[in-house]
Amino acid sequence: MALTTPSLSSFLSSYRLNPLLISRYGRRSRNPYRNSIRCKPRFFTVAAMDSVGFTSPLTEKSFDFTSEERIYNWWDSQGYFKPNDDSDGEPFVISMPPPNVTGSLHMGHAMFVTLEDIMVRYHRMKGRPTLWLPGTDHAGIATQLVVEKMLASQGIKRADLSREEFTSRVWEWKEKYGGTITNQIKRLGASCDWTREHFTLDDQLSRSVVEAFVRLHEKGLIYQGSYMVNWSPSLQTAVSDLEVEYSEEPGFLYHIKYRVAGGSKSDFLTIATTRPETLFGDVAIAVHPEDDRYSKYIGRQAIVPMTFGRFVPIIADRYVDKEFGTGVLKISPGHDHNDYFLARKLGLPILIVMNKDGTLNEVAGLYNGMDRFDARKKLWSELEETNLAVKKEPYTLRVPRSQRGGEIIEPLVSKQWFVTMEPLAEKALRAVEEKQITILPERFEKIYNHWLSNIKDWCISRQLWWGHRIPVWYVEGKDCEEDYIVARSQEEALVKAREKYGRDVEIYQDPDVLDTWFSSALWPFSTLGWPDVSAEDYKKFYSTTVLETGHDILFFWVARMVMMGIEFTGKVPFSYIYLHGLIRDSQGRKMSKSLGNVIDPLDTIREFGTDALRFSIALGTAGQDLNLSVERLTSNKGFTNKLWNAGKFVLSNLPSQSDASAWDNILDLKFDSEDSVCGLPLPECWVVSKLHLLIDSVTSSYEKFFFGDVGRETYDFFWGDFADWYIEASKARLYKSEGNISAPVAQAVLLYVFENILKMLHPFMPFVTEELWQALPHRKQALVVSPWPETSLPRNENSIRRFENLQALTRAIRNARAEYSVEPAKRISASIIGSDDVLQYMSKEKEVLALLSRLDLQNVHFIGSPPGDAKQSVHLVAGEGLEAYLPLADMVDISDEVQRLTKRLSKMQSEYDALSARLSSPKFVEKAPEEVVRGVREKVAEAEEKISLTKNRLSLLNSTTLITSE
């Protein structure tokens, strides 16, 4: 839609812009090579809606960050985030990794939002029907913990409530606080289609979860059994292997005597363990079959300490490491993962000594009911009293802790529901092998393959109240392991039960819920309507295009989505997996509250703006961690200001929109043909050619997911080529007298290049670019939905080389002026020497060269050989076939310069003599460290070079003085 607003002419009639505002740091430039002439006032209208109130750069000193929410709400209200149904292109679809409903914004969210929004905004501008589907995860354990803590603060325990009462409280909490993370993600500029937002406990997604469970069970891929799991005693639930974090912590290794039954007092085995309280669950003692220390005991029995004489067999197995500890292994299969698998292999019984709350049970005898850690202390004390304790020594433990609650996890045999993963994993492996899915960066493919090739069955049940209830019903009075019913609803379960057990049957549902990751694994297709494969969104947008997330959840989520997607839809859920790294602090450390180095995204936005934060984050490399510092954010805030000030310059040099004739001249100029580009003057041809090269390069990088390259290339072109060079060169056209025929060309090029810069930067910096875009005249639509720049546009390589020669000459003159401390305002003469071809194109841009180099326009000469005063001039070689002579008398007061350089030479000579004296001392050379001696030699060489240059300059100045006096 076209955007219009009342004219700002009344304000601008008295407004003048100082072009010196355009500087690298977004403030008044001190660069002596910037033109000091003021811009002439220009009048135009800002293409913005009255109700939105876009502000003109000419009315604001810098971009106002507080306008970001206003711009965002306007985009959303206009429906710009929805897929364009009029487009026939292939859809571009991303499913947002659903953040926990309990969450608040952190830098991990900022990373994925930025990268995904870059992709989405780019492909939207490319004209593809683009869908970024948002949502949140119910986060079973995390949410239940939050609500339990909230209830505890009110003096209420979960056990005091019924299941229905508790879940009702959770839903109340969700309705009140669950939108926090969504609103914060919007603050980052996420251009999601919020009309399609989902929650993993929505009716639609819940239906998908039940359907998936039923289908997997029907195929024999879901089963119930008692197996070793990771148990959280405080949460009273099993947790995934992937949700257990191991940390190295100080502890002890306890050495305990196990007497050999029927032997003498000297017949005992010493066992080293970190968890002595588990000895009540010992079912065997194992030694290596080739360990001569213990071979005589193999086949006999050992007495488990503190069990009133319970015997266990002493067996031999090569699994035992002879070198670890004492070389004797106690096998407690009910409380150790490795022992569990060893016991199953050897056919040993499973003995459980711990309750699910972390206390010991009746198997522990007198320790029954004691907390596991209290029991450990008491047991060791009593082992010491009975002379069964050998020693306790400090030992670094690898402690398993719950990722959610932080408590120590207990390996425990428990009845749970599992998914058989191997057949699912085979298909997921094949999808990557056959390139149906591309993993970026490629190195993560090996990790993906390794995990899926060694996958274990997935424990999907959780002993919680918040989540998707397992769709299994048991029959009252029947064995729940043998007689259970899997159904899509309680009504369906009751029908099945009556068919099998009669009309009077009573059923009850399994109390457990499914692992949160089970519903998340269905996310790419459940959110599009599956299992209803006739749903419009499912037909149009599945499979999705890209899955972007952190590499740390490649197993938690990504691989499971691949497996489930192929299993239930027959298609891979996405074509690309793009994995980003962590955001670390400036020193490369992981951000943590304990280190005090956490950077809050919302605080960062308030101080630096969303665009600066996004740009800083996006310059990283896929899969690699990114160090974020205040310095980097400050620099990119400066980039935002630079962009804003460039907009000021462009806008202030455009005609009023009411000047139809002037605008016809500008709009008639096109740059899409070779003739139109090659016919431009040198600076204009150069900048347009460079822009066209940039568009091709940036578009290619976008397609390859090289977002860091996009940002760096666009930054360098805008700042280095457009702002530092072309804007300055354009002043030679713009500041001429009225009727200047070259001004419309410069205006057209300024507008053309700047609007394309805004387009290329928009995915990175959406807010400031949209605000600037709305200020440009003749905008027919919002930048967020504007078409991407065309590629393969003409460019003139010869003009690029020629302008680079002009740049080299300008730099050489600027350096000479700086070296001789020439006053910034002083204009100097110059004789330019070169071939006929060089002089021809260089002389055409005499005004540009004079403006950029601060030359006296009337005394710039283009000649084929050195001037007569060459010996009294500074000779510059700008490049092959291009030289310049700058009369020394124009640049400095020769007598003052001779005095200054003479003093400087004397000081340098003294420093050189002192360094040479050190090197002449055998004592120094022989005794000083090699690097110190090498450093002194380098300083001597550097001093020699400086002395030589200073002498040459003095010689030149003295000869000039002599000639002047003659």
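The values are calculated or read from the model by the stated rules, or taken from the named source; none is laboratory data. Computed from a predicted model, the values in this text were never measured in an experiment. Note that we place each Cβ from the backbone using ideal geometry, even for glycine, and neighbour counts take in every protein chain shown. In case anyone asks, the SASA skips ligands and DNA or RNA and just uses the protein heavy atoms, side chains included. Shrake-Rupley method; radii C 1.70, N 1.55, O 1.52, S 1.80 Å.
Of all residues in segment 80-117, those satisfying the criterion of being among the aromatic types (F, W, Y) and not in a helix (DSSP H, G or I) are Y80, F81, F92.
Does Q781 fit the bill of being open to solvent by less than 20 Å² (accessible area, probe 1.4 Å) and not hydrophobic (A, V, I, L, M, F, W, C)? Criteria not met by Q781. Counting the residues of segment 865-880 that are touching a residue at least 24 places away in the same chain (Cβ under 8 Å), over 18 Å from M891 (Cβ atoms) and within 56 Å of the chain's Cα centre (by Cα) gives 1. For the condition under 30 Å from P134 (Cβ atoms) and aliphatic (A, V, I, L, M), A521 qualifies. Remark: pairs (first residue in segment 422-450, among the small types (G, A, S); second residue exposed (fewer than 15 other Cβ atoms within 10 Å of the Cβ); Cβ separation under 8 Å; 6+ apart in sequence or on different chains) = A425/S453.
Among the residues of segment 907-928, are any in contact (Cβ under 8 Å) with a residue 24 or more places away in the chain, surrounded by fewer than 17 Cβ atoms within 10 Å (Cβ to Cβ) and either in a strand (DSSP E or B) or touching a Pro at 6+ places or on another chain (Cβ under 8 Å) (or both)? No, because not a single residue in segment 907-928 is in contact (Cβ under 8 Å) with a residue 24 or more places away in the chain, surrounded by fewer than 17 Cβ atoms within 10 Å (Cβ to Cβ) and either in a strand (DSSP E or B) or touching a Pro at 6+ places or on another chain (Cβ under 8 Å) (or both).
The residue that is most open to solvent (accessible area, probe 1.4 Å), among those in segment 59-86 that are touching a Ser or Thr at 6+ places or on another chain (Cβ under 9 Å) and of a type in the set (A, V, I, L, M, F, W, C), is F65. Of all the residues in segment 791-820, those that are of a type in the set (G, A, S) and within 30 Å of M125 (Cα to Cα) number 1.
Beta carbons closer than 8 Å, at least 6 apart along the sequence or on distinct chains, pair a first residue in segment 61-79 that is more than 28 Å from S652 (Cβ to Cβ) and in a helix (DSSP H, G or I) with a second that is open to solvent by 10 Å² or more (accessible area, probe 1.4 Å) and hydrophobic (A, V, I, L, M, F, W, C) for D76/W194. Right, I185: of a type outside the set (K, R), open to solvent by 20 Å² or more (accessible area, probe 1.4 Å) and either outside any helix (DSSP H, G or I) or in contact (Cβ under 8 Å) with a residue 60 or more places away in the chain (or both) or not? When the stated conditions are applied, I185 does not pass them. The helices (runs of 4 or more DSSP H) falling completely within segment 471-531 include none with 2 or more residues that are on the phi > 0 side of the Ramachandran plot. Quick one: which of L522, L464, L554, L514 is open to solvent by less than 20 Å² (accessible area, probe 1.4 Å), of a type in the set (A, V, I, L, M), at pLDDT below 95 and closer than 30 Å to E148 by Cβ? Only one candidate passes the filter, namely L464.
Selection of segment 834-866 for residues being of a type in the set (G, A, S) and either touching a Lys or Arg at 6+ places or on another chain (Cβ under 7 Å) or within 17 Å of L886 (Cα to Cα) (or both) yields G834, S843, A850, S853, G864, S865.
State whether one or more residues within segment 829-844 are of a type in the set (D, E), open to solvent by 20 Å² or more (accessible area, probe 1.4 Å) and either touching a residue at least 40 places away in the same chain (Cβ under 8 Å) or under 21 Å from W725 (Cα atoms) (or both).
Checked segment 829-844: no residue is of a type in the set (D, E), open to solvent by 20 Å² or more (accessible area, probe 1.4 Å) and either touching a residue at least 40 places away in the same chain (Cβ under 8 Å) or under 21 Å from W725 (Cα atoms) (or both).
Of the residues contained in segment 603-622, one or more are found to be without any contact (Cβ under 8 Å) to a residue 40 or more places away in the chain and more than 18 Å from T66 (Cα to Cα).
Hey, does segment 816-826 have a residue that's touching a Ser or Thr at 6+ places or on another chain (Cβ under 7 Å) and aromatic (F, W, Y)? So that I can check it myself, show each step before the final result.
Here is the first cut: in segment 816-826, the residues touching a Ser or Thr at 6+ places or on another chain (Cβ under 7 Å) are none.
No, the conditions are met nowhere in segment 816-826.
Between T237, T195, T180, the distinction of being among the hydroxyl-bearing types (S, T, Y), touching a Leu at 6+ places or on another chain (Cβ under 9 Å) and open to solvent by 40 Å² or more (accessible area, probe 1.4 Å) belongs to T180 only. Say whether the condition of being part of a loop (DSSP other than H, G, I, E, B), hydroxyl-bearing (S, T, Y), over 16 Å from T950 (Cα atoms) and open to solvent by 20 Å² or more (accessible area, probe 1.4 Å) is met by at least one residue in segment 864-877. Yes, segment 864-877 contains a residue that is part of a loop (DSSP other than H, G, I, E, B), hydroxyl-bearing (S, T, Y), over 16 Å from T950 (Cα atoms) and open to solvent by 20 Å² or more (accessible area, probe 1.4 Å). Checking each residue in segment 374-407 for being surrounded by fewer than 18 Cβ atoms within 10 Å (Cβ to Cβ), modelled with pLDDT of 95 or more and closer than 19 Å to P233 by Cβ picks out D374, K377, K378.
Matching residues to (1) open to solvent by 10 Å² or more (accessible area, probe 1.4 Å); (2) out of contact with any helix residue (DSSP H, G or I) (no Cβ under 6 Å at 6 or more places or on another chain); (3) of a type in the set (S, T, N, Q):
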{"position": "L691", "(1), (2), (3)": "no, no, no"}
{"position": "I695", "(1), (2), (3)": "no, yes, no"}
{"position": "G711", "(1), (2), (3)": "no, no, no"}
{"position": "D721", "(1), (2), (3)": "yes, no, no"}
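A residue that is buried (at least 19 other Cβ atoms within 10 Å of the Cβ) and either at pLDDT below 95 or assigned to a loop (DSSP other than H, G, I, E, B) (or both) occurs nowhere in segment 427-436. Summed over segment 140-176, the residues that are assigned to a loop (DSSP other than H, G, I, E, B) and either basic (K, R) or crowded, with 23+ Cβ neighbours inside 10 Å (or both) give a count of 1. Within segment 798-812, one or more residues are farther than 27 Å from G679 by Cα and either modelled with pLDDT of 90 or more or surrounded by fewer than 17 Cβ atoms within 10 Å (Cβ to Cβ) (or both). When segment 878-906 is limited to residues that are hydrophobic (A, V, I, L, M, F, W, C) and modelled with pLDDT of 85 or more, the one that is most open to solvent (accessible area, probe 1.4 Å) turns out to be A878. With respect to the conditions (1) closer than 20 Å to L221 by Cα; (2) buried (at least 22 other Cβ atoms within 10 Å of the Cβ), L528 lacks only one, and its number is (1).
So which of R404, R376 is among the basic types (K, R) and outside any loop (DSSP other than H, G, I, E, B)?
R376
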